[in-house]
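Each reported figure results from applying straightforward, stated rules to the coordinates on display, with no laboratory input. What you see is a predicted model; the values in this text were computed from it and never measured. Please note: Cβ atoms are built from the backbone with ideal geometry, for glycine as well, and neighbour counts cover all protein chains shown.
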């Protein structure tokens, strides 16, 4: 018995960019969810913070622990009682031309009646010394099945940023 993965939905940001990427009406027919994103900001600067909400919940129900490394060291921290889940870094125009950051979000047992845990890995490669790689562990203190995910950046996503949502289940 193995695991099978199915594409639920995909989004490619069009002309004009987008302030968020939203998935709605996520079916409860899978065991886990995996969200794979490739993002870039159109603003100057290097790293931008990515966060997300589940089921449009803007309550203080999210907690995150994280650490990431970059050219001059490592950093770590945590958030608690937040209104969204901090989940990675993505680059801006100070990164080399056409370099997009990669982030993968994994949510096991998303349809269960338990609180939800989340794991995230993030890589922002650049042609200079501002590369980032990091890991996030998150917690959503709600027992509802996840039916929606909304990715939000500290600055808008440029065209051709992508997000792919997969459902995983035992086969």
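Averaging Cα coordinates gives a centre for the stretch 98-124 and one for the stretch 19-76; these two points are 7 Å apart. Applying 1/(1 + (r/R0)^6) with R0 = 45 Å to the Cβ-Cβ distance of residue 60 and residue 97, what FRET efficiency is obtained, to the nearest 0.05? Computed FRET efficiency for residue 60 and residue 97 comes out at 0.70.
In percent, rounded to a whole number, the relative contact order of the chain is 42, using alpha-carbon pairs under 8 Å and six or more apart. Taking other Cβ atoms within 10 Å as a rough exposure proxy, 152, 169, 116 sort from fewest to most as 169, 152, 116. Taken over the alpha carbons of the chain as equal point scatterers, the Debye sum produces base-10 log I(q)/I(0) values at 0.09 Å⁻¹ of -0.29.
A Gaussian network model of the chain, with springs between Cα atoms under 10 Å, assigns the largest mean-square fluctuation among 72, 47, 112 to 72. With all pairs of different C-alpha atoms in the average, the Kirkwood value for the hydrodynamic radius of the stretch 12-54 is 13.3 Å. Orientation-averaged projection of the stretch 1-72 equals 8.4 nm² [convex hull of Cα atoms, one quarter of hull surface area].
The order of the peptides 12-24, 153-165 by mean Cβ neighbours within 10 Å, most packed first, is 153-165, 12-24.
In summary, the convex hull built on the alpha carbon positions of the stretch 90-171 has an orientation-averaged projected area of 7.0 nm².
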